[in-house]
Amino acid sequence: MELRPSAKIAIGVIAALGTIGALHLLVFQKNARQFQSAQSEYQRTLNDFRNQGNARNWNEIYEFQYTTFKRELEFWDSVQSLNVAFPDKYNPLNPETFDRAAQEQDYWDCYRYLQNARLEGQAGQGPAMSFLGGRPSQGNQPPGGWQLVDTLPPALIQAQIAVEDEITRLSNEDRLIKSIGANNPAYPARVEGYRRQLLRLGMDLNERERLAETYGSVVGTIYTINRIDIVMQALPDEFWNTPDIGQRRKQMYDLFQMEWPKDESGGEVMYYGYRQIRAMQDMLETAKKDRIEEIYRVIAHGKLDLFYVDPAEANKQPEQKQNQWDPNDGGFNDYPGNNPGGRSPKKDTKEPPIGGAMPIEMVFKANNADAMGYLYELANESAPYELDKLRLRQTNEEGKIFAYAWFNVVTFVTVNKLGKNKAGKDMLLLTENFIREKKDEARNELREIVVKTGAMDLAESDGYVTIENKRATIIEEAFQDDTDSAEAPATATPSN
């Protein structure tokens, strides 16, 4: 962590943030305490049983079983509350719940939020979202923002060209290119012409590539969705051969050469990209609440492996170089996750990662107190946003600062001998379905034991049963779980 204090910065508030080790502890502060408490109670119950020898009667056995199953359920509740489980609808290993339509709808929902946040910022109803607009790339200069728009290109509007005519020509050209094949001498010229036709509609494939390189693969996806959305709004209903919005989008995905988020190897990573863009939505919503003035730059970096860091080692702060920094230049050249105090170890480590994160780099401006409140609130969100690196700089405005922050958005965790799924295979990722199975097992075991003589008094005090004439009656509501989605996920219904 790097802080550049000045007389204008609230030194007391910064000091309260402490070292990078303390910042790591902020991430899971509330949930970690709950998790550790349940884990320690569960272990204490087991130790008590081991130390007491043989039970003297069945009542003692039932009492122990009740306590054990209750602690087991609390343990999995705590694991679930960490919000790091791999969602069922994104899990390709579970075909019953995998839902590609719902995944794509997630991206559209996040895009809608970003677009509304941009327009609200322009109207003075929230932080100015400079990073969502910006200039196109120029020569060797990278793009100056994500370049979301809300209208068709001015040249197309001024020429009064019907958008449906442009799409029809584009579709015809697409069919022609596919029919002649890449080996045809005319193929390169036809492809170049196709790209120019897309550009007339506001879709610049070269610019999308530069956006993905500069701001992250998911930004290229959002850019494409934005252009598709603007064109679809301009098309009359009678143009389409289907009333289904999802099918209409698929037609546009093909014409606009949609690319979903990819990893370094070129593989599609739908969940990682969604997790990142959904985290941005949370960050922007919190920024509005905490009166952040302007967000200049947001970069969605590629996946970062997470490794265990001993708290004692994390608290050691090595001397770090002071880089020259401008709030518009995207921060530093060094990679925070590779710095001591971050979550990535040295390259020669042989330890396997404990999970993965999708880092988000952000530059914003606010007054001292609001900036500190914003950072603290994000670090204590129910979703695990780890504040990995922070630098502050004085502005020319009284009491205001620029903040450069790097958040590791914990996206998934690996499991080590945690258990097997229903198919008997070792679990490699902590999934929603696996947690649900474990909770169901513990809940069913607890349900069977609460009516036993040795357990019913404890169960009554915990609200699981009522007792009348020494007979226990189960309170059904106590065994209902509102924290997970036991039902199969509904199929997404897209809306234009």
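The values are calculated or read from the model by the stated rules, or taken from the named source; none is laboratory data. The structure displayed is predicted, hence computed values, not measured ones. For neighbour counting, all protein chains shown are included, and Cβ atoms are generated from backbone atoms with ideal geometry for every residue, glycine included.
Assorted remarks:
- Among the conditions (1) in a helix (DSSP H, G or I); (2) farther than 30 Å from N433 by Cβ; (3) not hydrophobic (A, V, I, L, M, F, W, C), D150 misses just one, which is (1).
- Which numbered condition Y111 fails, given (1) within 25 Å of Y296 (Cα to Cα); (2) outside any helix (DSSP H, G or I): (2)
- Enumeration of residues in the stretch 236-256 that are surrounded by 10 or more Cβ atoms within 10 Å (Cβ to Cβ) and outside any loop (DSSP other than H, G, I, E, B): F239, I245, G246, Q247, R248, R249, K250, Q251, M252, Y253, D254, L255
- All told, A182 falls short of being part of a helix (DSSP H, G or I) and not charged (D, E, K, R).
- In the stretch 386-416, the qualifying residues are those that are of a type in the set (G, A, S) and under 19 Å from A300 (Cα atoms), and the one that is farthest from the chain's Cα centre (by Cα) is A403.
- Qualifying residue in the stretch 308-327 (condition: crowded, with 17+ Cβ neighbours inside 10 Å and modelled with pLDDT of 50 or more): yes
- Residue list for the stretch 114-150, restricted to those being among the hydroxyl-bearing types (S, T, Y) and touching a helix residue (DSSP H, G or I) at 6+ places or on another chain (Cβ under 7 Å): S137
- If the condition is being touching a strand residue (DSSP E or B) at 6+ places or on another chain (Cβ under 9 Å) and outside any helix (DSSP H, G or I), then the stretch 66-108 contributes L82, N83, V84, A85, F86, P87, N91, L93, N94.
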